[in-house]
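The values are calculated or read from the model by the stated rules, or taken from the named source; none is laboratory data. Owing to the predicted nature of the structure, the values given are computational and were not obtained by experimental measurement. So basically every Cβ, Gly included, is an ideal-geometry build from the backbone, and we count neighbours across all protein chains shown. Only protein heavy atoms, including side chains, enter the accessible area calculation; ligands, DNA and RNA are left aside. Shrake-Rupley method; radii C 1.70, N 1.55, O 1.52, S 1.80 Å.
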Amino acid sequence: EAGVAQSPRYKIIEKRQSVAFWCNPISGHATLYWYQQILGQGPKLLIQFQNNGVVDDSQLPKDRFSAERLKGVDSTLKIQPAKLEDSAVYLCASSLGDAYEAFFGQGTRLTVV
Amino acid sequence: AQSVTQLGSHVSVSEGALVLLRCNYSSSVPPYLFWYVQYPNQGLQLLLKYTSAATLVKGINGFEAEFKKSETSFHLTKPSAHMSDAAEYFCAVTRAGGQLTFGSGTQLTVLP
């Protein structure tokens, strides 16, 4: 069974530029999460989707971050404009539902310079 | 609100020695608790989970954890460390809806 796919694996951008990350969850998984992991910290939830609807985006900095889940499958997370403090690993995870184990992708490491 | 605290950001053990990684939780409701492992440049892999069944939970790679409600703890142990166990370990608790709240992580170093 294929796992959660994320791309790109690495991205370096200058501050004030925009960037987008892509996630393809495990087939059939209705729930999709985006987490932000800053160096030396545990992952922090940014947004949760159930199919193509947002369940919780209370910790998403909406002035610069946006996310969508097209047709309830793939998802993109965008940052515009990026700040230095956005340097982190962005992890995507998916599960069959909110009561099931979440499977994580390898993450996208973003460096903002 | 739910939270977890991992005591010790870095733990070093000798190969073959006992591994003990500490996690304390705070939760207003019976929690679901998890341990994840993260190898360099990789995502998170589930080691084990507690979901209010048996208090002693066995996971992959010889790891286990014991849920102690009186101590609000969920410490991770392994009787004999292998070099391949060197990684970062995260304790996590669920919020409503399946969202995970993670601790700050413990980096495990295994010395030859």
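Only Lys, Arg, Asp and Glu count, each charged at its Cβ (+1, +1, -1, -1), so figure out the dipole size of the protein assembly as shown about its Cα centre, rounded to 20 debye.
Numbers: 19 positive and 17 negative charges, 78 e Å.
Roughly 380 debye, rounded to the nearest 20.
Straight-line reach from B:Lys58: which aspartates and glutamates have a Cα under 20 Å away, not including same-chain ones fewer than 8 places off?
List returned: A:Glu101, B:Glu66, B:Glu71, B:Asp85, B:Glu88.
Working out 0.36 nm times the residue gap between B:Thr51 and B:Glu15, then minus their Cα-Cα distance, what length gain in nm do you get to one decimal?
Working: separation 36, 0.36 × 36 = 12.96 nm, distance 3.09 nm.
Full extension from B:Thr51 to B:Glu15 adds 9.9 nm.
Counting other Cβ atoms within 10 Å of each Cβ, which trypsin sites (Lys or Arg not before Pro) in region A:1-99 have at most 16 and sit in a DSSP loop? Write down the numbers at each step before the final one.
Details: sites: A:Arg9, A:Lys11, A:Lys15, A:Arg16, A:Lys44, A:Lys62, A:Arg64, A:Arg69, A:Lys71, A:Lys78, A:Lys83; in loops: A:Arg9, A:Lys15, A:Arg16, A:Lys62, A:Arg64, A:Lys83.
For trypsin sites (Lys or Arg not before Pro) across region A:1-99 that sit outside H, G, I, E and B with at most 16 neighbouring Cβ atoms in 10 Å, the list reads A:Arg9, A:Lys15, A:Arg16, A:Lys62, A:Arg64, A:Lys83.
What residue among B:Leu76, B:Gly59, B:Tyr25 has its Cα farthest toward the positive end of the dipole of chain B, where the charges are +1 on Lys, Arg and -1 on Asp, Glu, each on the Cβ?
Toward the positive end, the furthest listed residue is B:Tyr25.
What number, in percent, do you get for the relative contact order of chain A if the mean sequence gap of Cα pairs under 8 Å and at least 6 apart is divided by its residue count?
Details: 286 pairs, mean separation 42.1, N = 113.
The value is 37 percent.
At A:Tyr10 and A:Asn51, where each label point lies 7 Å from the Cα along Cα→Cβ, what is the point-to-point distance in nanometres?
Taking the two extended label points, one gets 4.0 nm.
For Cα pairs less than 8 Å apart in space and 6+ apart in sequence, what is the mean separation divided by the residue count of chain B, i.e. the relative contact order in percent? The partial results should precede the final answer.
Numbers: 282 pairs, mean separation 41.9, N = 112.
Answer for chain B is 37 percent.
For region A:33-113, which GluC sites (Glu not before Pro) are in a loop by DSSP, counting at most 14 other Cβ atoms within 10 Å? All intermediate terms of the calculation are to be shown ahead of the outcome.
Numbers: sites: A:Glu68, A:Glu85, A:Glu101; in loops: A:Glu101.
Within region A:33-113, the qualifying GluC sites (Glu not before Pro) (loop, at most 14 other Cβ atoms within 10 Å) are A:Glu101.
Nearest 100 Å², what total accessible surface is buried between chain A and chain B (probe 1.4 Å)? Can you show the working numbers first?
Details: alone 6320 and 6000 Å², together 10810 Å².
Buried surface at the A/B interface: approximately 1500 Å².
In the structure shown, do any of A:Lys15/A:Lys62; A:Lys44/A:Lys78; A:Lys44/B:Lys69; B:Lys49/B:Lys78; A:Lys15/A:Lys78; A:Lys15/A:Lys44 have a Cα-Cα gap over 20 Å, and if so which?
Table pairs above 20 Å Cα-Cα are A:Lys44/B:Lys69; A:Lys15/A:Lys44.
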